[in-house]
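Worksheet for the structure shown next.
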Amino acid sequence: MRLESSVVPGILQRLRLETRPYHEALEQNQFNENLTAGTLSGETTAHFLAKMYGFLKPYEDHLRHYTLPPAWQQQHRYRAHLILEDLQVAPAALPLCPTLPPLDTLPRLLGAMYVLEGSTLGGQVIARQLAKAGIPARAYFTGYAERTGPLWKVFCQQLGEAATPENEDEIVLSASSTFQHLQTWLNKA
């Protein structure tokens with residue numbers, strides 16, 4: 001769900017513009033290449049999901065250390081457990097990313113949230129493509145289901161309210177770093 005450009009907070013415009021190269025680089029991975037080519041397999045999907053779990057779980061552990069105001073709907077922002085449903089494995093069976101970007105301040109957390117909450121939008125498209133390919137591992141990509149658009153809109157509104165001239169640079173740098181760390185982790189053998 002896109003916000004009308006007249007009401008897009010400046011921070012979102014900066015994030016879209018300044019993180020675009022990192023976002024595009026992140027999408028250059030085997031899973032997305034196979035998805036685009038229509039050659040996705042259950043094995044490639046499982047590998048990608050395992051890698052996403054390895055990044056998402058430590059990120060969510062950091063998120064749990066914060067208590068955001070109720071308007072953020074923080075309790076709905078956890079999805080690593082959906083990957084476990086898809087893969088039908090115990091958490092201990094999946095490696096965790098050893099180096100996340102720093103998430104020690106609220107602006108840094110918000111930058112990472114921008115990346116990972118934004119991924120729910122593309123997940124909806126991927127879930128439909130997996131269904132067409134007959135690949136059942138779709139819980140993670142379905143994510144928030146019909147709540148995806150509204151939750152993204154709430155996130156964008158809250159981010160716009162939380163961003164200040166003093167913390168915008170830190171938010172943008174964190175989002176860029178999150179894209180880069182995730183790319184490195186996904187492409188690591």
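Numbers at a glance
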{"item": "Residue in region 130-139 that is at pLDDT 95 or above, of a type outside the set (D, E, K, R), out of contact with any helix residue (DSSP H, G or I) (no Cβ under 8 Å at 6 or more places or on another chain) and under 21 Å from Met52 (Cβ atoms) present", "result": "no"}
{"item": "Condition met for Tyr66 (under 26 Å from Gln13 (Cα atoms), surrounded by fewer than 17 Cβ atoms within 10 Å (Cβ to Cβ) and over 17 Å from the mean Cα position of the chain (by Cα))", "result": "yes"}
{"item": "Candidates Ala71, Ala80, Ala90, filtered to the one that is touching a helix residue (DSSP H, G or I) at 6+ places or on another chain (Cβ under 7 Å) and without any contact (Cβ under 8 Å) to a residue 40 or more places away in the chain", "result": "Ala80"}
{"item": "Glu27, sole failed condition from (1) touching a Leu at 6+ places or on another chain (Cβ under 9 Å); (2) of a type in the set (D, E, K, R); (3) more than 18 Å from Arg138 (Cα to Cα)", "result": "(1)"}
{"item": "Set Leu116, Leu17, Leu109, Leu94: member being at pLDDT 95 or above and loosely packed, with under 12 Cβ neighbours inside 10 Å", "result": "Leu17"}
{"item": "Every residue from region 101-141 that is among the β-branched types (Val, Ile, Thr) and free of Cβ contacts under 8 Å to residues at least 24 places away in the same chain", "result": "Val125"}
{"item": "Residue within region 170-180 that is at pLDDT below 95 and either farther than 14 Å from Ser119 by Cα or crowded, with 16+ Cβ neighbours inside 10 Å (or both) present", "result": "no"}
{"item": "Selected residue (criterion: surrounded by the fewest Cβ atoms within 10 Å (Cβ to Cβ)) from residues of region 119-165 that are among the charged types (D, E, K, R) and within 24 Å of Thr36 (Cβ to Cβ)", "result": "Lys132"}
{"item": "Condition check for Ala90: closer than 18 Å to Glu170 by Cα and of a type in the set (Gly, Ala, Ser)", "result": "no"}
{"item": "Any hit, region 164-172, residues being farther than 17 Å from Pro9 by Cβ and either in a helix (DSSP H, G or I) or among the β-branched types (Val, Ile, Thr) (or both)", "result": "no"}
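The values are calculated or read from the model by the stated rules, or taken from the named source; none is laboratory data. Being a predicted model, the structure only gives us computed values, none of them experimental. Note: ideal-geometry Cβ built from the backbone for every residue, glycine included; neighbour counts use all protein chains shown.
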